[in-house]
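These notes are about the structure you will find just below.
Nothing in this text is a laboratory measurement; each read-out follows from the coordinates by a stated rule. Note that the structure is predicted; figures quoted are calculated from it, not measured. Every residue, glycine as well, gets a Cβ built from its backbone with ideal geometry; the counts of neighbours run over all protein chains shown.
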Amino acid sequence: MAVWHTKTDQSQLVPKFMSWLEKRNPHEPEFHQAVYEVGINVLPFLRKHPEYMDAAIFGRLTEPDRIITFRVVWCDDKNKVHINRGYRVQHCNAIGPYKGGIRFHPSVNLSILKFLAFEQTFKNSLTGLPLGGGKGGSDFDPKGKSDAEVMRFCQSFMTELYRHIGPDTDVPAGDIGVGPREVSYLFGQYKRLSNTFTGVMTGKGLSFGGSQIRTEATGYGCVYMMEDMLATRGDTLEGKTAVVSGSGNVAQYAVDKLIEQGAKPVTMSDSSGFIFDPAGIDCAKLHWIRELKDVRRGRISEYADEFGVGFYPGQRPWNVPCELAFPCATQNELNADEAKALIANGCIGLSEGANMPSEQDAVDVFQQARILFAPSKAANAGGVAVSGLEMSQNSIRMSWSRDELNNQLRDIMRNIHGKCEQYGREDDEYVDYLKGANIAGFVKVADAMLAYGVM
């Protein structure tokens, strides 16, 4: 008998479930971590809602609907043949078509994609839009490749993937290593193979069905989430010092919105280390960073040379004194010791722009300190929210204005914050945003699964 059907003691419910999951899915630490982070809140909740327990809803949600793996063969500019592996994890379509990014990075494996797809299901549920959860990618590294090499890889990748996606089936988007260039190559190949022009990918260029503020949405959204959390304490972003990790799309637009709202971002990073600018990163400096990362594809250390500030090789920015923190780089980039350093240095709030950037021990530190902590499934939902709005625009063959979309994004993030408050408020009025996000995201999906019956 599966563990979620037993009369397990409350204190043993999560450990027994995790033991079952780890045996069923060995050597997948990222996936185990993602399930645990949700399970610590959802499994006790199930005790009060036996209809979900009896239908094994949470157990079913740890098993993706399907996992597609395939070979990707391509030639470099010297006509050398390379072999990569492609994936698509179609996790859950209970409330809408599978929706989630494609990641190209050497670290990509099934564990990482299963964790991302699992998280995506709850994140998409929180937006209130009719979107299921999925994720895909490849262990291909676009860094150091020519445009022609990236094009050939993307075309080979989509030649297999196109059979499994569609505007009402599965709608991929960009992620790490998959920016406007890669999305364009992927969508172009889909269009050629399918002989259709549909909204099957989001993050497209504005000239062929893309949406205003799509690139800005994830970074903007995680700042909007922080703004709403601070408002519960009668506070604002104005004058706050913020540390930001990453220098890609999410980090850039988080910094952009922080500047606009009167905060002072002082750090950015990449895999080589981080820069610390005590004077603050302003609009002109941010424009220079965009040119560096998006056009020249250089390293963040060049910022230190250009503006005469400190560069800290091989380090992360979590020891820099601040009031707010925005991890916007990648998963597990912030550990327990760094979390303690943040709090000791005056941090009162953290909003996760990346997917699961805080290790579980770090999350425990934040929650024990009772700082404002917005988990990624809530804080970085802005990206998929505007992706959903891009799908709507494609369906009705219309384009909404930047202001219209930004207002919709702001409303969606405000609603996400409200749902987290509803399910996360404790007896002493403290809001556990992780608990709130987990339960709110779960309930919508679970109710749909119950309605469908056993399948």
> Which of the trypsin sites (Lys or Arg not before Pro) across region 395-441 are loop residues per DSSP, with 11 or fewer other Cβ within 10 Å?
Replying inline: 397
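Place a +1 charge on the Cβ of each Lys and Arg in region 265-338 and a -1 charge on the Cβ of each Asp and Glu, then give the dipole magnitude about the Cα centre in debye, rounded to the nearest 20. Write down the numbers at each step before the final one.
Details: 7 positive and 12 negative charges, 50 e Å.
So the magnitude is around 240 debye.
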>> Would you calculate the convex hull of the Cα atoms in region 1-134 and tell me its volume per residue in Å³?
In response: 123 Å³
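Please list the equivalent ellipsoid semi-axes of region 66-196, computed as the square roots of five times the alpha-carbon gyration tensor eigenvalues, in descending order and whole angstrom.
On the way: eigenvalues 127, 47, 29 Å².
Listed largest to smallest, the semi-axes of region 66-196 are 25, 15, 12 Å.
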> Taking region 17-92, which trypsin sites (Lys or Arg not before Pro) meet the DSSP loop condition and have no more than 14 other C-beta atoms within 10 Å?
Replying inline: 48, 78, 80
> Using a simple spin-label model with points 7 Å from Cα along the Cα→Cβ vector, what separation in nm is obtained for residue 397 and residue 181?
Replying inline: 3.4 nm
> Share of antiparallel DSSP beta bridges in region 217-374, in percent to the nearest 5?
Replying inline: 40 percent
> Once you charge only the Cβ atoms, +1 for Lys and Arg and -1 for Asp and Glu, what is the size of the charge dipole of region 310-455 about its Cα centre, to the nearest 20 debye?
Replying inline: 480 debye
> Calculated from the structure, P(r) over Cα pairs in 10 Å bins from 0, in percent equals which of [x] 4, 18, 26, 24, 15, 6, 2, 2, 1, 1, 0; [y] 3, 13, 17, 18, 15, 11, 8, 5, 4, 2, 1, 1, 0, 0, 0, 0; [z] 4, 22, 32, 27, 13, 2, 0?
Replying inline: [z]
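Relative to the Cα centre, what is the charge dipole magnitude of the chain, using +1 at the beta carbon of each Lys and Arg, -1 at the beta carbon of each Asp and Glu, and rounding to the nearest 20 debye?
Numbers: 49 positive and 55 negative charges, 301 e Å.
Approximately 1440 debye in magnitude.
Roughly what % of DSSP beta bridges within the chain run antiparallel, to the nearest 5? List each step's numbers first, then the result.
Numbers: 27 of 46 bridges.
Taking every DSSP beta bridge with both residues in the chain, the antiparallel ones total about 60 percent.
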>> What's the longest uninterrupted piece of the chain once you rule out the chymotrypsin sites (Phe, Trp or Tyr not before Pro) that are loop residues per DSSP with at most 12 other Cβ within 10 Å?
In response: 198-429
> Can you give the relative contact order of the chain as a percent, counting alpha carbon pairs under 8 Å and 6+ residues apart?
Replying inline: 15 percent
>> So for region 311-455, if I pair up every lysine 8 or more residues apart or on another chain, how many of those pairs have alpha-carbons under 20 Å apart?
In response: 6
> Among 381, 455, 362, which residue has its Cα positioned farthest towards the positive end of the charge dipole of the chain, with +1 placed on the Cβ of Lys and Arg, -1 on the Cβ of Asp and Glu, and the dipole taken about the Cα centre?
Replying inline: 455
> Just how many pairs of Lys in region 66-196 have C-alpha atoms closer than 28 Å, counting pairs that are eight or more places apart or on different chains?
Replying inline: 23
> What residue among 126, 97, 309 has its Cα farthest toward the positive end of the dipole of the chain, where the charges are +1 on Lys, Arg and -1 on Asp, Glu, each on the Cβ?
Replying inline: 97
